[in-house]
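Novice: Can you read through this structure? Questions will come right after.
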Amino acid sequence: MIKKYLLLMILLGLVMSCKSRNISNDLASQNPILAELNLVNLENDKVEVLINPGRFVSDTVVYRLPRVVQGTYSVSDFGKYIEGVKALDYDGNEMVVTKLDTNSWTFPNAQNLDKISYWVNDTFDQEVKGGIGDEIPFSPAGTNIELKQVMLNLHGFVGYFDSLKNSAYQIGITAPVSFNYTSPLQEISTSQSEDGTAKTSVFFANRYFEVTDNPMMYGETEVEEFMVGNIKIVLSVFSPNGVHSAAEIKETVHKMMLAQKEYLGDLDSTPRYDILLYLSDTEKEGSPKGFGALEHHTSTVVVLPESMQPEALAESMIDVVAHEFFHIVTPLSVHSEDVHYFDYNKPTFSKHLWLYEGVTEYFAQHFQVYEGLIDEPEYFSRTTQKINGSRSNYDDSMSFTQMSENILESPYKENYANVYLKGALIGMCLDILMRENSNGQRSLRSLLAELSVKYGKNKPFTDDNLVDEIAGMTYPEVEEFLKTNVMGATPINYDTFFEKVGLHFEETEVETNYIQNAGNLIVGADPERGGIKFTELVADNSFWAEHGAQPNDFFKSVNGTEVDLSNANQVFGEVFAWKPGKEIEVVLLREGEEILIKTTTTPSYTKAKTLVENPEATASQKELRNAWLKG
């Protein structure tokens, strides 16, 4: 009996020791990390966050907020907005916490670590001169914490442990029952407080990437849902002063996305797509000033001025959301290992921004003419503006792949915005080459469809091999173009591509906007006076010339807003969106005297070389042009 008892104890001991060792090693990684966000008890625009990672066996663990998030190509340092970090052991005692750097904290004696708590400041409030450091997150990547609205870009609230990047998360969000919200994350449970004033929703993410890739808006938002083919579109709109409605914006977005779906055909790769639109009250302190959008794999966050005229807002939504929606093709379905295994603290970047951003921007413009949303002259005008903007503002001899790989460093980061200009033009050239070499039967879209089948969202390509793979799938002319004009430093000769489709440049009068002449800026920085002035090109802009504006006139104010270098992007972002019929009041300084321009905007024109049909185009050139622009 003793032997049996000893044997039983030994067997039980082995089983328990094996089981204990397995649980101890994997307990934290096998169980979801629990995160709790309290949107009820907000204090000074701060949200309290509680993290329960499960049990560790490591002596020390490191917890981080992202230094860089995908799609921004710049340093954000979300750790700057975290304060009051505390750690508690399983007896409720406070533990030692050591801050390693801006975004990282280390916890010794991690076997005893039960929970971490901290407060999160929002980033929108820091978008002013003298904010926290030099790097402020781009508004659509940022966070907002107000009593009536909370922008939950979750990478600004919830971090990750170095050893648990692939662990699942359960994120509990407690908010007033009056708050509206939507989320593509799976909502696994809901509950209400005893007094019925608060609701807790728990969402599930398979890994940290899904936490960062699924933004939410909580608060006084309007929500509209509609179907585009087999894709469910969820539109959430926050207009703080009720200037615009979700129903109004839905009509524009629905029409646009129907055209996009027709353009993509079977190339879509998501059952649901979320659009989160934050309309900024630019007159209010703490409102976001970085206008644009940030793509996620199946959603986008858009920030635009609330003061935009309905027509201007509709146009911006078409351009911005169209671009972001096309990201479901790339990088969702076609992307490199750098994207798939993204390191939020020390990221490496793919060589192929021309693909992720450039081709996406090309599709966002090309589909509009292809599906009849704009006419060909308008498309040619936009193409001309991209060429002019690229050549006048950026280094045309810079290797695009070299720039992409080093995008956080100078001089490459200063050329980033060229991905939306020259990057789109690269896409155009590739599309024309694909059409030319296949007698109009293949296109850049069909190439992306083939790459999507070959790879897909769960299989990344090897960065260094992509160009050779595309060469093997296409034509020698495509390979030569990519290696000479994309990998290489040779500027693109656009005339050779336009000749293929029977187009050429001709000087003509074209309609333009109020800060550009056919893509060339008519305003520029004046560092000595700390603001913005008109350049020599203002003389060729019919609207300003008719109202007496002159080169070197210095902007004092625009519609009551004093202008300086710290708010220039915000102010002139709004000017860019002006449409005819808007009442304006601009105060300029000229040799110490104030010049007041108070009027209603009218269409503005300029003389410029622009892309037009060549009347001597051959039948084959016209046929190729038709295949390119109409299919």
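Novice: List the number of the failed condition for residue 243; all other conditions in (1) open to solvent by 10 Å² or more (accessible area, probe 1.4 Å); (2) of a type outside the set (S, T, N, Q); (3) not in a loop (DSSP other than H, G, I, E, B) hold.
Specialist: With (1) open to solvent by 10 Å² or more (accessible area, probe 1.4 Å); (2) of a type outside the set (S, T, N, Q); (3) not in a loop (DSSP other than H, G, I, E, B) applied to residue 243, the lone miss is (3).
Novice: In segment 513-523, what count of residues is obtained for those that are in a strand (DSSP E or B) and either modelled with pLDDT of 95 or more or open to solvent by 20 Å² or more (accessible area, probe 1.4 Å) (or both)? Working first, answer last.
Specialist: So in segment 513-523, the residues in a strand (DSSP E or B) come out as 516-517, 520-521, 523.
Pick out the ones that are also either modelled with pLDDT of 95 or more or open to solvent by 20 Å² or more (accessible area, probe 1.4 Å) (or both) and you get 516, 520-521, 523.
The number of residues fulfilling the criteria is 4.
Novice: Open to solvent by 20 Å² or more (accessible area, probe 1.4 Å), in contact with a Leu (Cβ under 6 Å, 6 or more places away or on another chain), of a type in the set (D, E, K, R) and within 19 Å of residue 355 (Cα to Cα): is that true of residue 477 in this structure? Reasoning before the result, please.
Specialist: Details: open to solvent by 20 Å² or more (accessible area, probe 1.4 Å): yes; in contact with a Leu (Cβ under 6 Å, 6 or more places away or on another chain): yes; of a type in the set (D, E, K, R): yes; within 19 Å of residue 355 (Cα to Cα): yes.
So residue 477 passes the test.
Novice: Let me ask something else about it. Determine, yes or no, whether residue 234 is surrounded by fewer than 22 Cβ atoms within 10 Å (Cβ to Cβ) and either on the phi < 0 side of the Ramachandran plot or in contact with a Phe, Trp or Tyr (Cβ under 9 Å, 6 or more places away or on another chain) (or both). Even if it seems obvious, please write down each step before you answer.
Specialist: Numbers: surrounded by fewer than 22 Cβ atoms within 10 Å (Cβ to Cβ): yes; either on the phi < 0 side of the Ramachandran plot or in contact with a Phe, Trp or Tyr (Cβ under 9 Å, 6 or more places away or on another chain) (or both): yes.
Yes: the conditions hold for residue 234.
Novice: Going by what's in this entry, would residue 337 be described as over 24 Å from residue 390 (Cα atoms) and open to solvent by 20 Å² or more (accessible area, probe 1.4 Å)? It would help to see each step written out before you state the result.
Specialist: On the way: over 24 Å from residue 390 (Cα atoms): yes; open to solvent by 20 Å² or more (accessible area, probe 1.4 Å): yes.
Considered against the rule, which asks whether it is over 24 Å from residue 390 (Cα atoms) and open to solvent by 20 Å² or more (accessible area, probe 1.4 Å), residue 337 comes out as yes.
Novice: Given the structure, is residue 113 at pLDDT 95 or above, out of contact with any helix residue (DSSP H, G or I) (no Cβ under 8 Å at 6 or more places or on another chain) and over 25 Å from residue 273 (Cα atoms)? Outline the logic, then answer.
Specialist: Details: at pLDDT 95 or above: yes; out of contact with any helix residue (DSSP H, G or I) (no Cβ under 8 Å at 6 or more places or on another chain): yes; over 25 Å from residue 273 (Cα atoms): yes.
So residue 113 fits the description; yes.
Novice: Could you check segment 212-227 and list, in sequence order, the residues that are out of contact with any His (no Cβ under 7 Å at 6 or more places or on another chain), open to solvent by less than 10 Å² (accessible area, probe 1.4 Å) and not hydroxyl-bearing (Ser, Thr, Tyr)?
Specialist: Across segment 212-227, the qualifying residues are 216, 217, 219.
Novice: For residue 543, only one of the following conditions fails: (1) open to solvent by 30 Å² or more (accessible area, probe 1.4 Å); (2) modelled with pLDDT of 95 or more. What is its number?
Specialist: For residue 543, the exception is condition (1).
Novice: If I ask for residues that are within 20 Å of residue 142 (Cβ to Cβ), among the hydrophobic types (A, V, I, L, M, F, W, C) and in a strand (DSSP E or B), which ones from segment 69-86 would you list?
Specialist: 82
Novice: Working only within segment 566-586, note down all residues that are of a type outside the set (Val, Ile, Thr) and touching a strand residue (DSSP E or B) at 6+ places or on another chain (Cβ under 6 Å). Outline the logic, then answer.
Specialist: We begin by selecting, within segment 566-586, every residue of a type outside the set (Val, Ile, Thr); these are 566-570, 572-574, 576-583, 585.
Within segment 566-586, 568, 574, 583, 585 meet the criteria.
Novice: If you don't mind, there's one more thing I want to ask. Kindly evaluate residue 538 against the criterion of being open to solvent by less than 40 Å² (accessible area, probe 1.4 Å), out of contact with any Ser or Thr (no Cβ under 8 Å at 6 or more places or on another chain) and in a helix (DSSP H, G or I). Talk me through it step by step, then tell me what you get.
Specialist: Details: open to solvent by less than 40 Å² (accessible area, probe 1.4 Å): yes; out of contact with any Ser or Thr (no Cβ under 8 Å at 6 or more places or on another chain): yes; in a helix (DSSP H, G or I): yes.
In short, yes.
Novice: While we're looking at this one, here's another question. Cβ-Cβ distance below 6 Å, separation of 6 or more or different chains: which pairs start in segment 573-595 with a residue that is more than 18 Å from residue 551 (Cβ to Cβ) and touching a residue at least 12 places away in the same chain (Cβ under 8 Å) and end on one that is of a type outside the set (A, V, I, L, M, F, W, C) and not in a loop (DSSP other than H, G, I, E, B)?
Specialist: 574/305; 579/311; 583/600; 585/598
Here is a yes/no grid of residues against (1) in a loop (DSSP other than H, G, I, E, B); (2) open to solvent by 60 Å² or more (accessible area, probe 1.4 Å); (3) in contact with a His (Cβ under 9 Å, 6 or more places away or on another chain):
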position: 50; (1), (2), (3): no, no, no
position: 67; (1), (2), (3): yes, yes, no
position: 88; (1), (2), (3): no, yes, no
position: 115; (1), (2), (3): no, yes, no
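Novice: Filter segment 340-370 down to the residues that are in contact with a Pro (Cβ under 8 Å, 6 or more places away or on another chain) and in a loop (DSSP other than H, G, I, E, B), then identify the one that is most open to solvent (accessible area, probe 1.4 Å).
Specialist: If we take residues in segment 340-370 being in contact with a Pro (Cβ under 8 Å, 6 or more places away or on another chain) and in a loop (DSSP other than H, G, I, E, B), then 341 is most open to solvent (accessible area, probe 1.4 Å).
Novice: Within segment 495-509, can you find the residues that are buried (at least 20 other Cβ atoms within 10 Å of the Cβ) and of a type in the set (Val, Ile, Thr)?
Specialist: If the condition is that a residue be buried (at least 20 other Cβ atoms within 10 Å of the Cβ) and of a type in the set (Val, Ile, Thr), then 501 is the only one that fits.
The values are calculated or read from the model by the stated rules, or taken from the named source; none is laboratory data. Source: prediction; values computed, not measured. Heads up, the Cβs are rebuilt from the backbone with ideal geometry, glycines too, and the neighbour counts pull from every protein chain shown. Just so you know, the surface numbers come from the protein's heavy atoms only, side chains and all, with ligands and any DNA or RNA stripped out. Shrake-Rupley method; radii C 1.70, N 1.55, O 1.52, S 1.80 Å.
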